[in-house]
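Every number in this text was worked out from the coordinates using simple rules, so none of it is lab data. Keep in mind that what you see is a predicted model, and the values were worked out from it rather than measured. Note: ideal-geometry Cβ built from the backbone for every residue, glycine included; neighbour counts use all protein chains shown.
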Amino acid sequence: MTVHVEKLGLPRDVFVTCPQCKKIYYIERLFYDPSYDHVKLHCPFCHHEFDKRDSPQVWGA
Ligand SMILES: [Zn+2]
């Protein structure tokens with residue numbers, strides 16, 4: 001039997017809010033890295049593309 005150990009500390013994903021439809025979804029933490037500042041986030045609900053700095057609320061960043 002394999003024991004799964006939860007990694008404590010930073011969660012793997014970051015939750016963002018779409019500024020257009022206000023729905024919450026998560027993105028890979030990788031995309032929150034400053035080296036991805038030029039990459040637009042894509043909302044899976046309304047397909048709006050936005051800058052991560054335009055997200056009204058962010059959790060886990
Ligand atoms: Zn949206």
Exercise for the section: Return a whole-number percent for the relative contact order of region 13-59, with Cα pairs under 8 Å and 6 or more residues apart as the contact set. Expected result: 44 percent
Problem - Amide H contacts under 5 Å for Val58, placed H, 5+ residues apart - result: none
Completion exercise
Residue-ordered couplings for region 34-50, obtained by feeding phi - 60° into the Karplus form 6.51 cos²θ - 1.76 cosθ + 1.60 and rounding to whole Hz (Gly and Pro as x), are x, 6, 9, 4, 7, 8, 7, 7, 10, 6, x, 8, 10, 6, 6, 10, 8
Fill in the blank from the handout: So, over other residues within a Cβ distance under 15 Å of Pro56, counting Lys, Arg +1 and Asp, Glu -1, the net charge is +2
Practice task
Report the percentage of all Cα-Cα pairs in region 13-59 whose separation exceeds 18 Å, rounded to a whole percent.
Solution key: 14 percent
Exercise for the section: Note down the net charge around Pro19, summing +1 for each Lys or Arg and -1 for each Asp or Glu among other residues with Cβ under 14 Å from its Cβ. Expected result: +2
